Every structure is written in C-alpha cells, then in structure tokens.
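These notes concern the structure reproduced below.
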Amino acid sequence: MALDDTRGKSLSFTPMVIEDTMRNGRGLSDQWADTVVVRPRTTERHITVHKRLVLAFAISILTLIIVTVIAVLLSVKFEECNADSTASASHGNLTKFNQSRDALFNHRGEDSFQPWRQLRLPGSLRPLQYDLHITVFMENFTFSGEVSIELQCRNSTKYVVLHADRLAVQKAVVYSEGKKTRALKIHRQFRYPANQVFVIAMHRELESQKNYKVNITFQAHIEDELLGFFRSSYVLYGEKRYLAVTQFSPTHARKAFPCLDEPIYKATFKISIKHESTYLSLSNMPIEASISEEDGWVTDYFSRTPRMSTYYLAWAVCNFTFKETVTDSGISIRLYARPDAIQRGSGDYALHIAKRLLGFYEDYFKVKYSLPKLDLLAVPKHPYAAMENWGLSVFVEQKILMDPGVSSISYLMDVTMVIVHEICHQWFGDLVTPVWWEDVWLKEGFAHFFEFLGADFLFPDWHMEKQRFLTDVLHEVMLLDGLASSHPISQEVLKATDIDRVFDWIAYKKGAALIRMLANVMGQPVFQMGLNDYLITHMYGNAGRDDLWNKFSEAMQKEGRDINIKEVMDLWTLQMGYPVVTITKNDSVDNSVTISQEHFIFDIKHSAPSNSSFQWQIPLTISVGNSSHISPESIIWVSNRSESHKIGSVDDGSWLLGNINQTGYFRVNYDLRNWRLLIEQLMRNPEVISVGNRAGLIDDVFNLARAGYLPQNIPLEIVRYLSQEKEFLPWHAASRVLYHLDKLLDRTEEYNIFSEYILKQVASMYHRLGWPTSAGNGSVAQATYQTEELRREVIMLACSFGSKHCHQQAITLISEWISSNKNRIPPNVRDIVYCTGVSLMDEDVWEFIWMKFHSSTAISEKKVLLEALTCSDNTFLLNRLLNLSLSSDLVPDQDVIDVIIHVGRNPHGRHLAWKNFREKWDILNTRYGEALFINSKLINGVTEFLNTKAELNELKDFIQTNGGGAAAAFARAVEIVEANVRWHSLFEEEFFQWLRKSPTS
Ligand SMILES: [Zn+2]
C-alpha cells in the first residue's frame, strides 16, 4: 500500500518560501491515529431492525409465558437447564428466546469461554477455500453475496467466529464434510459488533481434524466512503459515471463478505461476479468463463487464486477501457482507466514500466511472478496512493496516469515510485505476507526501499538509492522519529480500529531506512541471497521479522561472517527513535577517538529520563580525510554508551567523517574543531567528501542545531559552501532545512537579514545555471534528471528568497502565457512560476489561474494550478479560495485539505488558515471524519508552522474542547508547535546575532 507521498515538489509559497518538504512526513505521518467513526445506519436498516426487535420481543414474551406455565406445571428447575438442552427446540422463536435468556442469565458452562470477545480470532478453525459469488446492483449501490467457506477444524469448538461488518446476514448453514455432507444443527447465531464478528454457535462441537463448510448469504451497500466495496464517480463527455471497487487492507474485507479477516488465515478464493452487461468486472485472477443472461446481466467466473490473505483480495465493476502489454514470459499486463485517459495515452508510461519492473523483480528475487496476469486499475478516488492487490493493483489516477509534455519530472518520479512500490508487493506482501500487522513495516519498509532500487533500474542516472533516498526517506523520517511522541517501528496492535494506525511514515520510511542500513552492512549479494531464501521458504505463507533475520544471519554465515542479525535489529525495531553518535578526537592519546551514543531528541532539555537508557548496536563507518584525500571507510560496531577507538593516522589538519554515504539510520556529531575542519574542506574542495555525505552533513548540522546540540552559527556557516556545490542532492538537502527555518522566521522583524543571507549563497549558482528553455515536446524522462532538478532547486530558492531576476523571469513567462494563451512554461518549473506570478502580480493573474484550473484536463497540471492559487499575498483572495473550497464543489473533495494546508504555509495566509481550521472544524470533521488520515494530515499540516506563544495557547485551548477524536495527531501538533516556540525563545537571538555580524550579510 502506498501512502500519498507527494514528494516535496509542488510549491505553496509566496516567493519568500522554499520547498514543500515537510508535507510528506509531518502532514501525513499520523494519518491513522484516531478512532473510527461508525456510520449511522440507513433509515431502511433502522426500520428493519426496529420491526425485528418488536417482533422478537413479542414472541419472547409469549414464549416466556408458555414455558413458565409448562415449567411450573412440570416442576422443572428451569435455571438448571444448560444451554444445550434449552436449545433443542429448533424453531426460530425459541432461538430468539434462548438468545435473550443467554444474555440475561448465562455465564456458565461453555459460554463462559466467549471467543468472540477476544480481539483476535480464536484459531480453532482455519479456512482452506472460499467460493464467493457477488451480485452487484449499480443502480441502487447495493450488492448481495453468497460465500461458502471450507474450514478445517484444528481444535474442537462450538463456535464458528467470522469477521463481518455492516453486512446483513440472511442465512447461515454449517455442513460437515466427509462421506455424507449434512447440515448441522445451529444453536444460535449473533453478531458481536465490538469486534466486528459474526458468531455461529453450534449445537454440538465441531471436531478437530475434520473439515466443515459454512454457507452464508448476505446483503450490503456499496458505500460512498472508500472502504470495503465502495463506489466513486467520474464525468465522461459530460455524463456522470459510476464504478465500484474494493479496498480491503487492512481490515475491510469483512465489510464485503464474512471471512477470517486476519493475514495469517490464507486460503484460496474462487470468485464470480454478476453485473449488468454495460459494465465489466475485474478481480485478482483472469476470467475463466463469462455467462450472459437474457435480461442484460453477465456473470464472470474468475480462476481460483493461489493461497492468499483477505486484505489483498480485490474486485471492481466499472466501464473502463484498457491497454495491454505481454511480458516475455507470457504474463499479460493491462492498464484499466477511464476511456478518455486511455485514448489520450495517459496510461502508456505506467504500462511500459510495469512490464520492465516485473522482469527486474523476477531477476532480483530469483522468484517468478506468481499469477498469469497483472491488472493496474486507475480510479478517480482512493484512500491511499495505491493498493497492491495481487494481480489487480489499484491506483488513484494521479499516481499512475501521465500526460507527457505536461507532467514535471517530479510527477514522473512520483508515478514511477508508486508503481515500483506496488509491484514489489506482489512478492513482498502478497506472496509472503506478514504474520500480523505489528510487522506491517516488513512489507512496507521493503516496498519503500525497493522504490529506489527499482527506479535505479529504470533510470540509472537518477541515483535514487544512493542519493534521493537520503532526502526523501532518511532525512524525512528522522524529523518525525526525533520527536518524543514517536513510537517503535514494530507496534503491538490488537483492535481492528487501531490497525490503520500502524500504516504511518515510521513504518514506511524508518522501515526502508533500517533495511537499507542492513543491506549496506551485509553487502548486496548476501542481502539478495537472504531475500531469495526468505521468499522461497515462505512463499504462499506468512513470515515475521524473526524469519527474515534468521535468513539474513544464515546468508551471512555462509560468507563466514558471524553476526546475529536479530540481536542487532531488535534494538532498532523495538525501541523508538535513533541515536546521535558523537565522535571526539582525544588530544591526549594519539590517533584515538571517543565515540559515544545517546538518544537524539529535538527537545533535549525536556527529554524524558527513561529514554536515556536507550542504546543501539550501531554499524558506524568512519573515514579520515585531509584537504585532498579521504581514507577508505572502516566499520566500528558501537554498542556501549561511550567507547575509545584507534583510528588510522589522524594529524592536526585531518578531519573525521562518520556514517559514510549516510547508509546508517543515525545522526553524527563532532567536536567543534572537527566541524570547522569539515566546513573548511567543503569551502575549499567539496568533492573530497561524497555527495551523500555532503547532503548528510547539511541535514545533520541543521537538525543538531535546531535541537540545541550545536551552536546556531554552524549551520549558517556550512551553507556558505553551496556556491561551490554543483550536485543536486546537497542543494536539495539544504532547501529542505532552509524551508523549515524560513517558516519559523517568515513573520519575524529581521526576516530580511536571513533571506538576504541565503540569497547571497544561492545567487552565483542561479546565474550560472539560468532557466530551462521552452517546454519542448519530448518526454520529461529525456531531460538529464540531475541537471534539471538542480536547476529547478536553485530557481526555487532564488525566487523564494527574493531574487529580483527570478521574479522578473516568472512575471515575463506568465505575461506571455496570458497574452498568447499558449503555455510555453517548462513543466519542471511551472509550479514556481505560477506561484511567484500569483504572489507578485495583480488579481487578474489569480483569476486567470483559477480559470485555467477549471478548464485543465491534465491531472498533474490541475494540482499545480490549484496550489498556485494559495500563493497570493492578498488575504481577500485567500479567503475567497478557502470559502470556495469549503462551501462549493468547485474544488474537488480530495484537494480541499491541501488548499487549507497550503494557505497556512503562506505567511500571509497562516493566520487565516488556522482561523478557518478552527471555525470550520465541525464541517471538516463531518465531511472527512471517516477518512481519518485526512483529518490527521489536516491537523498536522495546518499547525506545523505555528510558532508563537499565542498560537500555541490557541492550539491547546482548541484541543481542550475539540481534540477528543484525534488525540494522537493533536499531541504531535502540540509537540511540534512547542518546539517551534522554544526555538524562538532559546535560539532566535543567537541566530540573528551571528547573521548581523556575518561578513556576507
Ligand atoms: Zn505498500
């Protein structure tokens, strides 16, 4: 599953602001924290329930009277009857009676063990296969189903406990399988909504080692809420069309059919779907047979799946069209999308890379793709960026469709990574599945890590794993994981409603960062060998983290390296946070350094004492360098709080560098003398230090200073080397950390001293690189990625920090567009140009962009245009945009949240967005309350740059009265705003003092 990780690209700043870097981690990080809001029942269901209750009550009373009379007459001691003997009457009315009797009196005998009350399924029954038939009624958005589940009884039990949520079960029958199949007597059946289960209590125990079959018929709604089997719509040639599709991960298959909805219960599935013939249906497997009926209905019969879990089962009913390609090994890959998009060729890119990626993974894992086909389905609405259903992966349109010539490189990269991610899951997740959700990071961390390996395969020039991984994953997640409100990557979860919580950036990004660290320690061939062994051993089954660690340890042993991977990795996966390693030269002893570790935390003064016991086994790579040379790295395993080590030969002029190429998941600090030597080296000849380490030094130094581990002038001194920097990555790392500082300072009196200082560092590179020439007509992939991205980064910084030349260029480009009505602005800088234009030019430009937003059909372009509207300096326009977004359908639902967040990033709109957020919270909560991640994204997005005491108090007050539902997101918000406020009070003066005296300011 891919979360919506818009890769810090589109802008939302008036030309004072830098890049939208924090959006990824902060905005979305706590998407899953709140509790589930239960939908009100439909009126129809209300009435049915009501009637049934009345009827049941009347019958119960009547029965009670009759039985009491009989009992008194026969002098039977009624209360001694156990559940079994009273259940012998099989009439429905008596069952009802027994139910109410049970509820009243029963806490004895076998019912005292009530497996439905447990948060996990009892485990006495294991599903072997499901036959599932679904009939889909698109005209009233309902469906009916019949499921037949073959179960193996492992421990004798009286109860069949199945997950079922929001389904109206009509009939349940249990058969024993064997020589003579017969229906077994059911004692009673009931729902236990608290655990989303449906329970069939049998008259007699089901016997161990025997097989049974449960047949259930049911009905449900095709909801409008992006979970279970849901619907969405799109407009084609002016006509509204509907489609229905599933999203079962993590716990929503139970909303579509009764099942054992935990990943460990793998089974095979045979699905058939009946629908009107104007639609087509899709599922994990290919269609075996389609049978048309006379009345315009069709039933599609899909082949039986291999053993799999419920959460990546899928089906869809739509009237899309498709394009197809076939791999060398004969696997059919189809991309299904709305007909106009297919016709435009918007799916061609995805199809092309999907084919290549299937080959890449087959080679890397040395395990063939398991299914005969892979469909990629592009839907207009989806709760995540994409979902990896085996053989039928579902993507939100913006993450798979591409319009060449219009989409920017970053959009292309975004689409690419999401596709690489989902295809990786066909092995990691689908073929081998985590045992339970606490190890969700196993599948998500791997898929996220492989995004970078897969992208490197497709575009070797991008150097994704060596470079972009650092800024997009490592630096990003270290921000989050440095908060006291972070959590360990393996989180215990039991309740279904808490499971969404584990899909957060810690699982994805920290998971990927830890796997990358391990892969680098092991070396690629050994890592690959371990993975292959793991996949082969556990294919079509489940595995936990220890299974993987064992395979890795074995692979290492084969190479004669004896490292207990589990022992090392448990420290990283079961403890939250990460260490800062401090390397100090010992003056007294030659060539000796002291290496110490402590838990890095942004709030060092307030860090909880309990965390001081945190310790890790750290694979620290270290090199010694001087003005022209750096030594080969050596590895030191640091496991104590403080240790002394001998390092090659260290003279007075040489510096130490730790965490070579930033492969490790930790920060490195040095004594101040070493920092000065490193900065001198960067100023004189940066290339002695690797690109990854240059980016790493920038990120570490800014964050160490932000948290108070270093004086504030060190980061300001280090950015002076940027004029020498010719590579994209260090610039990107710099613009991310500067963006944060910019937001912290953009409403301070002395802001200009800061912006002028930064602009000075940027100016020479800006003038050297210049602007990209016209839009061209080739694919963006043709452009040399590194050069174009560097140019973009520098232009963005220049425009943000007030370069007159940059502003003029943007104004010229916009004016040309308006006068010619031909957009010749290069796609890669459109967001910068639009945003700058909107902020500097008059209201007409805002209106022009607003109009273009409505008339544009290219999905990537629409988003860029909308975000540009949030860049205005004019609070009247910002207010108008907020109102239009909140109270009309002119802005698509899924973009409303982005509008509010982006207005909040604009210093002229921050107050407005924050005010609107508080005033409209009820409306927003009603509108998005069920999509919890949207709520948390909003909360963290709107609050993350609040930085005054007054705003902090407003936030706390607001939480007091409104914060109940989203406690975790609000807790993080408070911690971040507190840190912002603290930075001002502790460090702002020191920061500006240095700037005022700085020679270049
Ligand atoms: Zn995923």
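Within segment 326-347, restricting attention to residues that are open to solvent by less than 30 Å² (accessible area, probe 1.4 Å) and either basic (Lys, Arg) or part of a strand (DSSP E or B) (or both), the residue that is farthest from Val379 (Cα to Cα) is Ser332.
The single residue among Lys399, Lys381 that is open to solvent by 10 Å² or more (accessible area, probe 1.4 Å), within 16 Å of the chain's Cα centre (by Cα) and within 13 Å of the ligand (Cβ to nearest atom) turns out to be Lys399. Tell me, which residue of segment 419-444 that is assigned to a helix (DSSP H, G or I) and more than 24 Å from Gln524 (Cβ to Cβ) is nearest to the ligand (Cβ to nearest atom)? The extreme case among them is Val440. Taking the criterion of being farther than 22 Å from Gly541 by Cα, β-branched (Val, Ile, Thr) and without any contact (Cβ under 8 Å) to a residue 60 or more places away in the chain, would at least one residue in segment 379-389 satisfy it? There is no residue in segment 379-389 that is farther than 22 Å from Gly541 by Cα, β-branched (Val, Ile, Thr) and without any contact (Cβ under 8 Å) to a residue 60 or more places away in the chain.
The C-beta contact set for segment 639-657 (first residue under 24 Å from Arg684 (Cα atoms) and charged (D, E, K, R), second residue modelled with pLDDT under 90 and assigned to a loop (DSSP other than H, G, I, E, B), distance under 8 angstrom, 6+ apart or interchain) is empty. Would it be correct to say that Val415 is among the hydrophobic types (A, V, I, L, M, F, W, C) and within 26 Å of Thr321 (Cα to Cα)? Yes; evaluated as a whole, the condition is true for this residue. When we screen Lys760, Lys743, Lys726 for residues that are charged (D, E, K, R) and not in a helix (DSSP H, G or I), the only hit is Lys726.
Can you give me the number of residues within segment 121-163 that are among the basic types (Lys, Arg) and in contact with a Lys or Arg (Cβ under 7 Å, 6 or more places away or on another chain)?
Qualifying residue count for the region: 2.
The number of residues in segment 140-190 being exposed (fewer than 14 other Cβ atoms within 10 Å of the Cβ) and more than 39 Å from the chain's Cα centre (by Cα) comes to 8. Considering segment 348-378, the residues that are assigned to a helix (DSSP H, G or I) and aromatic (Phe, Trp, Tyr) include one that is most open to solvent (accessible area, probe 1.4 Å), namely Tyr349.
With respect to the conditions (1) closer than 16 Å to Gln467 by Cα; (2) in a loop (DSSP other than H, G, I, E, B), Leu710 falls short on a single one, namely (1).
At least 3 residues being away from the ligand (no atom under 16 Å from the Cβ) and within 20 Å of Lys566 (Cβ to Cβ) is the threshold, and among the helices (runs of 4 or more DSSP H) wholly inside segment 445-553 those reaching it are 511-522, 524-538. Considered as a group, the residues in segment 705-756 that are under 24 Å from Glu978 (Cα atoms) and among the aromatic types (Phe, Trp, Tyr) include one that is most open to solvent (accessible area, probe 1.4 Å), and that residue is Tyr709. Every condition in (1) open to solvent by less than 10 Å² (accessible area, probe 1.4 Å); (2) more than 16 Å from the ligand (Cβ to nearest atom) is met by Asn319 except one, and the failing one is (1). Filtered by the rule that a residue be β-branched (Val, Ile, Thr) and within 30 Å of Ser233 (Cα to Cα), segment 114-160 gives Ile134, Thr135, Val136, Thr142, Val147.
Across segment 966-976, the qualifying residues are those that are modelled with pLDDT of 90 or more and closer than 19 Å to Trp921 by Cα, and the one among them that is least open to solvent (accessible area, probe 1.4 Å) is Ala973. For segment 814-827, the count of residues that are more than 23 Å from Arg791 (Cβ to Cβ) and either aliphatic (A, V, I, L, M) or open to solvent by less than 50 Å² (accessible area, probe 1.4 Å) (or both) is nonzero. Of everything in segment 235-264 that is of a type in the set (Phe, Trp, Tyr) and open to solvent by 10 Å² or more (accessible area, probe 1.4 Å), the residue that is farthest from His538 (Cα to Cα) is Tyr237.
One line per residue, one yes/no per condition, for (1) crowded, with 20+ Cβ neighbours inside 10 Å; (2) in contact with a Gly (Cβ under 8 Å, 6 or more places away or on another chain):
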site	(1), (2)
Met539	no, no
Ala555	yes, yes
Ile563	no, no
Gly577	yes, yes
Val580	yes, no
Thr584	no, no
Ile618	yes, yes
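The values are calculated or read from the model by the stated rules, or taken from the named source; none is laboratory data. Note that the structure is predicted; figures quoted are calculated from it, not measured. Ideal geometry is used to build each Cβ from the backbone, glycine not excepted, and the neighbour counts take in all protein chains shown. Ligands, DNA and RNA are stripped out before the accessible areas are found, and what is left, the full protein with its side chains, is counted by its heavy atoms. Shrake-Rupley method; radii C 1.70, N 1.55, O 1.52, S 1.80 Å.
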